[in-house]
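To keep things clear, I will list the structure first and then write my remarks on it.
All of the numbers you see were taken from the coordinates with simple rules; none came from a lab. Since we're looking at a predicted model, the values are computed, not measured. Glycine also receives a Cβ, built like all others from the backbone with ideal geometry; neighbour counts cover every protein chain displayed.
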Amino acid sequence: MHLSIVLKVIGIAYITEFGSQVCRDAGESAIASKIELGGKIIILSLTVPILAALIEVILQILP
């Protein structure tokens, strides 16, 4: 389960980086920064289940 999420995150990161570099090469740095922000939000939304599981494990370890 977690491996598929990690692979999706890697794919999104590559696509986001490619898109932002294309925009920067075209002289559109504002659009490039918006693409990067969108990619970060998508990655964060994908990793919420992993973060929740990690917090549960940490809470179980603590007395």
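From largest to smallest, what semi-axes in whole angstrom does the chain give when each is the square root of 5 times an eigenvalue of its alpha carbon gyration tensor?
Working: eigenvalues 212, 29, 8 Å².
Three semi-axes, in Å: 33, 12, 6.
Can you pull out the GluC sites (Glu not before Pro) in the chain whose DSSP state is coil and whose Cβ has at most 12 other Cβ atoms within 10 Å?
The qualifying sites: there are none.
Quick one: helix 2-25 against the long Cα principal axis of the chain, what's the angle to the nearest 10°, folded into 0 to 90?
20
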